[in-house]
Amino acid sequence: MSEITFRTDIGADRAKVYEALNTHDGLTGWWTTGVNRDGEVLLFDFPQIPEPFRLRRDRADKEEIVWTSIGAFPPHWAGTVITWQLTTTADGSGTRVDFRHAGFADGDPDLAHTADTWDLLMDRFKKYAESGTPQPFFTL
């Protein structure tokens, strides 16, 4: 199985980073303005996409946030797991985020595009967590 990983140091405390990953305002501040929730399932809508991405929230605390893709779309995400581990930066000035999106089929032709998109999203996520200024990558 293949995976995507990123390590990002964010100049914000863990509570702000957690909020950016675990609240409606946080998620709409950097990812997409189309965020809804059905119990522990997060629904992410995107322009020109036929149905929302469905990510079940398996864990959400200030150490780790884990989502499992349970929707039919996008098909290559089915069963993949997204993990955000939050620790304090080495110098104690912010939050280190170790991101992992795992479980892609080996040789998945969409993996490179997905990794490029996550790279762009991580930049938006960092800027939002540090500034509090919404800059969603996708708007509906």
Check your understanding: Can you tell me which residues in segment 52-74 are surrounded by fewer than 14 Cβ atoms within 10 Å (Cβ to Cβ) and either at pLDDT below 95 or small (Gly, Ala, Ser) (or both)?
Key -> ALA72
Review point. Restricting attention to segment 10-18, does a residue exist that is open to solvent by 10 Å² or more (accessible area, probe 1.4 Å) and under 14 Å from the mean Cα position of the chain (by Cα)?
Key: yes
Study note, to complete from the structure: TRP84 meets each of (1) within 19 Å of PHE44 (Cβ to Cβ); (2) open to solvent by 70 Å² or more (accessible area, probe 1.4 Å); (3) not in a helix (DSSP H, G or I); (4) not β-branched (Val, Ile, Thr) with one exception, condition (2)
**Study point:** Positions within segment 25-76 being in a strand (DSSP E or B) and aromatic (Phe, Trp, Tyr), in sequence order
**Key:** PHE44, PHE53, TRP67
Review point. Regarding GLU51, is this residue touching a strand residue (DSSP E or B) at 6+ places or on another chain (Cβ under 8 Å), acidic (Asp, Glu) and over 22 Å from LYS126 (Cα atoms)?
Key: no
Review point. Residues of segment 91-130 being among the hydroxyl-bearing types (Ser, Thr, Tyr), under 13 Å from the mean Cα position of the chain (by Cα) and open to solvent by less than 20 Å² (accessible area, probe 1.4 Å), which ones?
Key: THR114
Practice item. Name, by its number, the condition in (1) part of a loop (DSSP other than H, G, I, E, B); (2) out of contact with any Pro (no Cβ under 7 Å at 6 or more places or on another chain); (3) among the hydrophobic types (A, V, I, L, M, F, W, C) that does not hold for PHE125. Key: (1)
Exercise for review: Taking MET1 as meeting all but one of (1) more than 18 Å from THR133 (Cα to Cα); (2) in contact with a helix residue (DSSP H, G or I) (Cβ under 6 Å, 6 or more places away or on another chain); (3) among the hydrophobic types (A, V, I, L, M, F, W, C), write down the number of the exception.
Suggested key: (2)
Exercise for review: Identify the single condition in (1) touching a helix residue (DSSP H, G or I) at 6+ places or on another chain (Cβ under 8 Å); (2) surrounded by 14 or more Cβ atoms within 10 Å (Cβ to Cβ) that ARG37 does not satisfy, given that it satisfies every other one.
Suggested key: (2)
Exercise for review: Go over the candidates LEU43, LEU21 one by one and state the one that is closer than 20 Å to THR139 by Cβ and free of Cβ contacts under 8 Å to residues at least 24 places away in the same chain.
Suggested key: LEU43
Exercise for review: Return the pairs, sorted by first residue and then second, in which the second residue is surrounded by 15 or more Cβ atoms within 10 Å (Cβ to Cβ) and polar (S, T, N, Q), the first residue lies in segment 119-140 and is within 14 Å of GLY94 (Cβ to Cβ), the beta carbons are less than 7 Å apart, and the residues are 6+ apart or on different chains.
Suggested key: LYS126/THR8
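The values are calculated or read from the model by the stated rules, or taken from the named source; none is laboratory data. Everything quoted here is computed from the prediction, not taken from an experiment. Because the Cβ atoms are built from the backbone with ideal geometry, glycine has one as well, and the counts that use them run over all protein chains shown. When the accessible area is computed, the model is the full protein with side chains, heavy atoms only, and any ligands, DNA or RNA have been set aside. Shrake-Rupley method; radii C 1.70, N 1.55, O 1.52, S 1.80 Å.
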